[in-house]
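I have placed the structure first, in the form of structure tokens, so that the comments after it can refer back to it.
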Amino acid sequence: MTTFVLVPGADGTAWYWHLLVPELRAHGHRAVTPDLPSEEGAGLVDFADAVVAAVEASPPDAGDPLVVVAQSLGGFSAPLVCDRLPVEEIVLLNAMVPVHGESAGEWWVNTGQAAARSAYAEEIGRGPDPEFDPLAEFFHDVPPEVAEQAMAAEPRPVPSTFFADPWPLERWPAVPTRFLQGREDRLFPLEFQRRVVRERLGIEVEEIPGGHVPALGHPKELAAALLRS
């Protein structure tokens, strides 16, 4: 039985994973779903502390593998737990891949995300550099009732400290890593991610259905991808 540690993105809440968790449990696996800090002043280490605390409160059974799954912004904090927990695999999901000394605030310009987003928007008929609309950006492939719940939730802004903290690791952890990427992600388009992931991790992305929030839009397909060896 695998224990999946599900690290959310900028939303920061365990709710993001609520449709995926039953799918993993149906296959006999466990899930740990931490809520991440939202108070101003919380930084990268505080986010990693929250993940470690959640696992320590619900540890895997002896001998069971521990897999960390990091959505989007979670790509900055999740690797920091690998020297504190017996992580057997990291799975990045539509994630931001940092390099040493880079902050989450700097990542966007350093990777050329804005130009990639604009080009993909024009390709799919939205026009170049469309105004940001969360329904169009994140929830275009999510069932309307789920999107409605997400939009109705109290906003939890990411602390500015998190975006300012330089990523402290000298290199990516020596842990087997996979990268799952939604082929219709409008925020981090597929071809953009192929380039960034090759340059920074030296691996290929694995395409999955859907956009930026597949745990809400395609939980069954996401579970199948996570369970695929």
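The values are calculated or read from the model by the stated rules, or taken from the named source; none is laboratory data. Since this is a predicted model, take the numbers as computed values, not measurements. Quick reminder, even Gly has a Cβ in these numbers, built from the backbone with ideal geometry, and neighbours come from all protein chains shown.
Specify which of the listed residues (F139, F132) is within 18 Å of S72 (Cα to Cα) and either surrounded by 15 or more Cβ atoms within 10 Å (Cβ to Cβ) or in contact (Cβ under 8 Å) with a residue 40 or more places away in the chain (or both).
On the way: F132 fails: either surrounded by 15 or more Cβ atoms within 10 Å (Cβ to Cβ) or in contact (Cβ under 8 Å) with a residue 40 or more places away in the chain (or both).
Going through F139, F132 in turn, the sole match is F139.
Looking at region 44-59 only, could you name the residues that are surrounded by fewer than 20 Cβ atoms within 10 Å (Cβ to Cβ) and either over 27 Å from P166 (Cβ atoms) or not aliphatic (A, V, I, L, M) (or both)? D46, D49, E56, A57, S58, P59 - these are the residues of region 44-59 that are surrounded by fewer than 20 Cβ atoms within 10 Å (Cβ to Cβ) and either over 27 Å from P166 (Cβ atoms) or not aliphatic (A, V, I, L, M) (or both).
The residues listed here are V97, V52, V68; of these, the one that is touching a residue at least 24 places away in the same chain (Cβ under 8 Å), in a strand (DSSP E or B) and farther than 24 Å from A147 by Cβ is V68. Among the conditions (1) closer than 27 Å to P65 by Cα; (2) touching a Gly at 6+ places or on another chain (Cβ under 6 Å); (3) at pLDDT below 95, R228 misses just one, which is (2). Whenever a residue of region 202-223 is free of Cβ contacts under 8 Å to residues at least 24 places away in the same chain, its partners that are of a type outside the set (V, I, T) and surrounded by fewer than 22 Cβ atoms within 10 Å (Cβ to Cβ), lying with C-beta atoms within less than 6 angstrom and at least six residues away or across chains, give the pairs E221/P209.
Using the structure shown, decide if G12 is surrounded by 20 or more Cβ atoms within 10 Å (Cβ to Cβ), small (G, A, S) and touching an Asp or Glu at 6+ places or on another chain (Cβ under 7 Å). Explain how you work it out, then say what you get.
On the way: surrounded by 20 or more Cβ atoms within 10 Å (Cβ to Cβ): yes; small (G, A, S): yes; touching an Asp or Glu at 6+ places or on another chain (Cβ under 7 Å): yes.
Criteria met by G12.
Scanning region 64-112 for residues that are touching a His at 6+ places or on another chain (Cβ under 8 Å) and surrounded by fewer than 24 Cβ atoms within 10 Å (Cβ to Cβ) yields a single hit, S72.
With respect to L92, determine if the residue is of a type outside the set (S, T, N, Q), within 19 Å of W172 (Cα to Cα), in contact (Cβ under 8 Å) with a residue 24 or more places away in the chain and not in a helix (DSSP H, G or I). Explain how you work it out, then say what you get.
Numbers: of a type outside the set (S, T, N, Q): yes; within 19 Å of W172 (Cα to Cα): yes; in contact (Cβ under 8 Å) with a residue 24 or more places away in the chain: yes; not in a helix (DSSP H, G or I): yes.
Yes; evaluated as a whole, the condition is true for this residue.
Could you grab me the full set of residues in region 2-35 that are in a helix (DSSP H, G or I) and either aliphatic (A, V, I, L, M) or in contact with a His (Cβ under 8 Å, 6 or more places away or on another chain) (or both)?
Of all residues in region 2-35, those in a helix (DSSP H, G or I) come to 14-17, 20-26.
Within region 2-35, A14, L20, V21, L24, A26 qualify.
Quick one: would you say L190 is more than 18 Å from L216 (Cα to Cα), under 16 Å from the mean Cα position of the chain (by Cα) and either at pLDDT 95 or above or charged (D, E, K, R) (or both)? Yes.
The numbered conditions (1) surrounded by fewer than 20 Cβ atoms within 10 Å (Cβ to Cβ); (2) touching a Leu at 6+ places or on another chain (Cβ under 8 Å) are all true for E221 except (2).
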